[in-house]
């Protein structure tokens, strides 16, 4: 596996594969890899001849009071996992390689982020869109995979790619879960054993909402109240609970057509998110 | 010459040339072509095997009270000029091809536009950066040429390309002038015969400033006053007169190191710009 730390070298590597007629896939990550990331590598395998995984904890997608400093990092462990998964290249740029002095250009998707995490984390999706565009221009992939756990991120990236006519196919990877249902996330490493137990409240609340819908409940307020009760019982501090239209992220009062539920909640100091299709 | 109107077809055309080992050059224009545009085609010839000229009057770079509707358009004339210049493809998308329903993504260079035209035309360079990025992803060039008349635009594009690590070489084309010095511009077509005479006041003012500097004047206020007098004598309505550092566009009080002068002025209803290196 190649370990590449500069944008110029990454571009050379990728272009040489593309000129050789090979399809290049990219899995952008912030490292501290888990099975969710590795499943994205597998999701690209059928379409791609070579797969690059990028590891970059992107400072510009974190707010000033968020967990950039606490975010877990372990490059040696990540590289071993990627080797084991048969990944062809790891792209691991420094912050100054990605954002050199004088850097002043950002990409912004404007409407989709005016909901859910975008409202709670101002500037977050601007940072995400900017870094993903830069990872795309550095790695020059034909395919890129993103996990469904970060559902709003996935839709923001899809929108950006379409709006900017980038010739890249976005592949969606299903959320990978622990045995008890907790969505895999690098942030799970920050949970104490007690918090780890309480963290299952997110998936339990989402499952409850889906079950209620299957049993005929359509009132979004009733669904949100049932979810809030489960989170409250686990001493989770709700950032948002939303029942929304997955096309435009607008809040729904009643579940009739397509509907999605999403939760962001703090378990201790750690902010977790999860989501589920209701209908 | 190929005439291409869809992004997908443009990408296919360009990629097939690139896969064939040929270098692709792009000259982005808003049409109503003149010798300045054609000189950009020539500037790309040494480096490029095929040259695309795009023609697109980009609505999102015009303010609500600007001249989008008045901007001159003549596709048949443009195509004849491009054929004559040996251009390989003309990319002529519609507004809805470039900005389909739901479009909501913009690219913004943040500091450079806080001067000169960027201050006078809020959102202008955001529209320019967005459309140029889209023309780059549509035409997938290795080289792209921009004219030095639009000096701030050239620097904004250079900054964007560097910040987003786009593997595209930006080629600067010198300002092409009429016999009496007026910088060539599609907007010159909007001038009445009387206005056309008065429009030479921009280059006369810039030349005066450069001559004063060569004779030892370094006070920016004195330079600006001399320029303002020439513009006033021609009944030009000044939008700005600036003596600035070409590195960051900051205003200078004294001309010591690198210095540039720029003017934006209305001749009648038509806003013209021009600029010159002083030192």
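The values are calculated or read from the model by the stated rules, or taken from the named source; none is laboratory data. Values in this document were obtained by computation on a predicted structure and should not be read as measured data. Don't worry about glycine lacking a Cβ; one is built from the backbone with ideal geometry, like all the others, and counts go over all protein chains shown.
Odds and ends about this structure:
- In the stretch B:156-169, the qualifying residues are those that are in contact with a strand residue (DSSP E or B) (Cβ under 8 Å, 6 or more places away or on another chain) and assigned to a loop (DSSP other than H, G, I, E, B), and the one that is nearest to residue B:110 (Cα to Cα) is B:164.
- Lone unmet requirement of (1) outside any helix (DSSP H, G or I); (2) free of Cβ contacts under 8 Å to residues at least 24 places away in the same chain; (3) surrounded by 14 or more Cβ atoms within 10 Å (Cβ to Cβ) for residue B:31: (2)
- Matching entry among B:148, B:144 (being more than 19 Å from residue B:62 (Cα to Cα), crowded, with 21+ Cβ neighbours inside 10 Å, within 17 Å of the chain's Cα centre (by Cα) and more than 13 Å from every other protein chain (Cβ to nearest Cβ)): B:144
- Residue B:116 being facing chain A (nearest Cβ under 7 Å) and in contact (Cβ under 8 Å) with a residue 12 or more places away in the chain: no
- Looking across the stretch A:75-94, the residues that are within 20 Å of the chain's Cα centre (by Cα) and within 14 Å of residue A:138 (Cβ to Cβ) come down to A:90, A:91, A:92, A:93.
- Residue-level check: of (1) within 24 Å of residue A:52 (Cβ to Cβ); (2) crowded, with 23+ Cβ neighbours inside 10 Å, residue A:167 misses just (2).
- Those helices (runs of 4 or more DSSP H) lying entirely in the stretch A:170-279 with at least 3 residues within 23 Å of the chain's Cα centre (by Cα), in contact (Cβ under 8 Å) with a residue 24 or more places away in the chain and surrounded by 21 or more Cβ atoms within 10 Å (Cβ to Cβ): A:201-214
- Scanning the stretch A:151-161 for residues that are more than 11 Å from chain B (Cβ to nearest Cβ) and in contact with a helix residue (DSSP H, G or I) (Cβ under 9 Å, 6 or more places away or on another chain) yields A:151, A:152, A:153.
- Taken together, the criteria exclude residue A:26 from residues that are at pLDDT below 95, under 17 Å from residue A:2 (Cβ atoms) and in the same structural domain as residue A:93 (by TED's automatic domain parsing).
- Residues (more than 8 Å from chain B (Cβ to nearest Cβ) and either touching a residue at least 60 places away in the same chain (Cβ under 8 Å) or in contact with a strand residue (DSSP E or B) (Cβ under 9 Å, 6 or more places away or on another chain) (or both)) located in the stretch A:95-113: A:97, A:98
- Some residue of the stretch B:12-24 being under 18 Å from residue B:170 (Cβ atoms) and not in a helix (DSSP H, G or I): yes
- Any chance residue B:193 is over 19 Å from residue B:127 (Cα atoms) and assigned by TED's automatic domain parsing to the domain that holds residue B:113: no
- Within the stretch A:66-94, restricting attention to residues that are over 29 Å from residue A:45 (Cα atoms) and in contact (Cβ under 8 Å) with a residue 24 or more places away in the chain, the residue that is farthest from the other protein chains (Cβ to nearest Cβ) is A:70.
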